[in-house]
Amino acid sequence: MNDSFLHKGKRRQLIQYLHDKVGIIDQKVLDAMNAVPRHLFIESIFEDFAYEDRAFPIAASQTISHPSTVAEQSELLHVTSGDKVLEIGTGSGYQAAVLVALGAQVYTVERQKDLFDFSSRKLRELNLKPKFQSFGDGFAGLPTFAPFDRVIVTCGAEILPTELLKQLKTGGKMVIPLGKPDEQILYRFTKISEKEFEKEEFGAYKFVPMLNNTHK
C-alpha cells in the first residue's frame, strides 16, 4: 500500500480544512477520514489532487464525492462504534471505508458490477472490510439483514425510497439526498415509530442519480 509521508501530510491538511472551513466538529469523523487513504480509491492520474476538496470520476460514469460531502454525511449519521449501518451506493468504497474506520458494522450495496469488484478488492486490501457487500438494487436495501441503526445513501433519489425507511430501527437515522439532479437537498430522517419520522434539511448538494436494478 503506497501511503507515503507526503500523502499523510496532505491528508492532515485536508482534515484541518474540514474542521476550520467546512465546520466538521465530530472528532471521530475527522479521525476516521485521517485514517483512510483517499488517493487509493481514485485513478492514479488524480492522485496529486486526492486531498483537495474535489469530486473525481470513477468507473461506470460515477464519481467519488467531495471529502466535505463524505464528512458532512458521516457527521449527520451520528455513528457510534458497533452501529449496524446500511450504505446505498458503495462506489469506489471510500465512504464505506470511513464508516468502517468509525467502528460501524457496514452493509453496503452497489448496482454497478465494475465498482462492486473494485471496491471489494480495495477494501479487502486495506483491511477495511464491510460486514457484508452486495451487488444489487439499492432501492431494495438489504431486508435480510434489517433492521439497521443507520442508513446512508450516497446517490440522489428523485423520490423517497420508503423500503429503506422500513429497514431502520426505531430511533434510527437515514441521511439521503432527494430531488431532481439539479436541485437535490440533503435530508436526515429519524424514525420515531413505525409510521412517524422526523425530517431535517441540510442544504443543496449534487450527487449522481440513484437508479433501479443492477448493471453489469
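Read-outs throughout are calculated quantities, based only on the coordinates presented, and are distinct from any laboratory measurement. This is a predicted model, so every value here is computed, not measured. Note: ideal-geometry Cβ built from the backbone for every residue, glycine included; neighbour counts use all protein chains shown.
Distance in nm between label sites at F145 and A35, each 7 Å beyond Cα in the beta-carbon direction?
With each label point 7 Å from Cα toward Cβ, the separation is 1.8 nm.
By the scheme Lys and Arg +1, Asp and Glu -1, what is the net charge of all other residues having a beta-carbon under 13 Å from that of A204? Each step should come with its number before you reach the end.
On the way: positive: K180, K206; negative: E72, D182, E183, E201.
Around A204, the charge tally is -2.
Counting only helical runs of four or more DSSP H residues, what would the 222 nm mean residue ellipticity of the chain come to if each run contributes -39,500 (n - 2.57) and the total is spread over all its residues? Could the numbers behind the result be given before it?
Numbers: 6 runs with 59 residues, N = 216.
Computed mean residue ellipticity for the chain: -8000 deg cm²/dmol.
Charges only on Cβ, +1 for Lys and Arg, -1 for Asp and Glu: so what's the dipole of the chain about the Cα centre, in debye to the nearest 20? Don't jump to the answer; show the numbers that get you there.
Values: 27 positive and 28 negative charges, 103 e Å.
In debye, rounded to 20, the chain gives about 500.
With r defined as the distance between the Cβ atoms of I45 and Q16 and R0 fixed at 35 Å, what FRET efficiency is calculated, to the nearest 0.05? Before the final figure, lay out the partial values.
Working: r = 26 Å, r/R0 = 0.73.
Given R0 = 35 Å and the Cβ-Cβ separation, E is 0.85.
Please compute the contact order of the chain in relative form: average sequence separation of alpha-carbon pairs under 8 Å and at least six residues apart, divided by the residue count, as a percent. Walk me through the numbers before you get to the answer.
Details: 439 pairs, mean separation 33.6, N = 216.
Once divided by the residue count of the chain, the mean separation gives 16 percent.
Report, in cubic angstrom per residue, the convex hull volume of the C-alpha atoms of the chain.
Numbers: hull volume 23.8 nm³, N = 216.
Once divided by residue count, the hull of the chain is 110 Å³.
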